[in-house]
Ligand code: AMP
Ligand code: ZN
């Protein structure tokens, strides 16, 4: 069923605690943890506890949680003090766009200058 935990999903395992992560914030609906391969001084992933493969399916299936995800991305940026200099929220969708984990996750990147457009 939509939103149910998937046994083969790495980020569902981080939600359940089966796989460890450096968690920086948690809410009833989201978990935020440091990316294992950081691309900027601040690189945190914010994920919903529920499993949806990408941002659009989350927004369609659980719009309140999609809103929580974006709010939490902003809270992470503030906690990491990147909101003053600017930060980027990235939601890669599909293999061609670089998505490798098919459980919605917002990258929060900051702490250095960020070029535009992204590669
Ligand atoms: P994406 O390529 O947009 O799907 O992003 C997946 C991200 O998950 C990458 O930036 C990886 O470095 C990160 N990642 C993969 N495994 C882990 C893990 N066990 N803990 C934290 N981050 C991870
Ligand atoms: Zn999952």
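Laboratory data are not the source of any read-out in this text; all were calculated from the coordinates shown. Just so we're clear, the structure is a prediction, and the values are computed from it rather than from any experiment. Every residue, glycine as well, gets a Cβ built from its backbone with ideal geometry; the counts of neighbours run over all protein chains shown.
Among the residues of region 11-31, which ones are within 15 Å of ligand 2 (Cβ to nearest atom) and either closer than 19 Å to residue 91 by Cα or part of a loop (DSSP other than H, G, I, E, B) (or both)?
First, pick out the residues of region 11-31 that are within 15 Å of ligand 2 (Cβ to nearest atom): 11-19, 21, 29-31.
Within region 11-31, 11, 12, 14, 15, 17, 18, 19, 21, 29, 30, 31 qualify.
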> Out of region 1-15, which residues are surrounded by fewer than 11 Cβ atoms within 10 Å (Cβ to Cβ) and within 15 Å of ligand 1 (Cβ to nearest atom)?
Replying inline: 8
> Do the conditions hold for residue 64, that is, is it surrounded by fewer than 18 Cβ atoms within 10 Å (Cβ to Cβ) and touching a helix residue (DSSP H, G or I) at 6+ places or on another chain (Cβ under 8 Å)?
Replying inline: no
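Sort through 119, 113 and tell me the only one that's within 14 Å of ligand 1 (Cβ to nearest atom), without any contact (Cβ under 8 Å) to a residue 12 or more places away in the chain and in a loop (DSSP other than H, G, I, E, B). Before you say what the answer is, go through the steps one by one.
Details: 113 fails: within 14 Å of ligand 1 (Cβ to nearest atom).
Of the residues listed, the single one that is within 14 Å of ligand 1 (Cβ to nearest atom), without any contact (Cβ under 8 Å) to a residue 12 or more places away in the chain and in a loop (DSSP other than H, G, I, E, B) is 119.
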>> I'm trying to understand the selection: among the residues of region 69-106, which are surrounded by fewer than 20 Cβ atoms within 10 Å (Cβ to Cβ), assigned to a helix (DSSP H, G or I) and over 10 Å from the mean Cα position of the chain (by Cα)?
In response: 71, 74, 75, 78, 79, 95, 96, 97
